[in-house]
Amino acid sequence: MRRIWRESVRAGVVVLASASLALAPGLAAAQSQSGSGQQTGQAGTESAKNDAKSAKQGAGNVADQLHDSAKNFGEALLGGIKYAGRTVIGFFNGDKPKQ
């Protein structure tokens, strides 16, 4: 019972660490683009619109990178599962594993 608990905690830590590493660049970019101080008048409105556009573009770039990373991770996971399956089948068929 203790081993199952430890494994679930480890899995949770890995998931949280992965999520924080994936989201950190996007949050940092959003904070740096938001600016500090308040502007008034029409120039301030134009600046806010430009900031919103650049934030959307930055979020799109982060989303694309996150998609690519997730896709690569999924492909690597699938490759590992296929390798494990071939190894198990080979074991029962009497084949030697490839190194």
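Every number in this text was worked out from the coordinates using simple rules, so none of it is lab data. In this text, all values refer to a predicted model and were calculated from it rather than measured experimentally. Positions of Cβ are backbone-derived with ideal geometry, glycine not excepted, and every protein chain shown enters the neighbour counts.
For this structure, a couple of remarks:
- Among Ser18, Ser8, sorting on how many other beta-carbon atoms sit within 10 Å of each Cβ, with the fewest leading, yields Ser8, Ser18.
- Across segment 57-99, Cα-Cα distances exceeding 15 Å account for 59% of all pairs.
- Here each label is just a point 7 Å from Cα along the line to Cβ, and for Arg6 and Phe91 those points are 2.2 nm apart.
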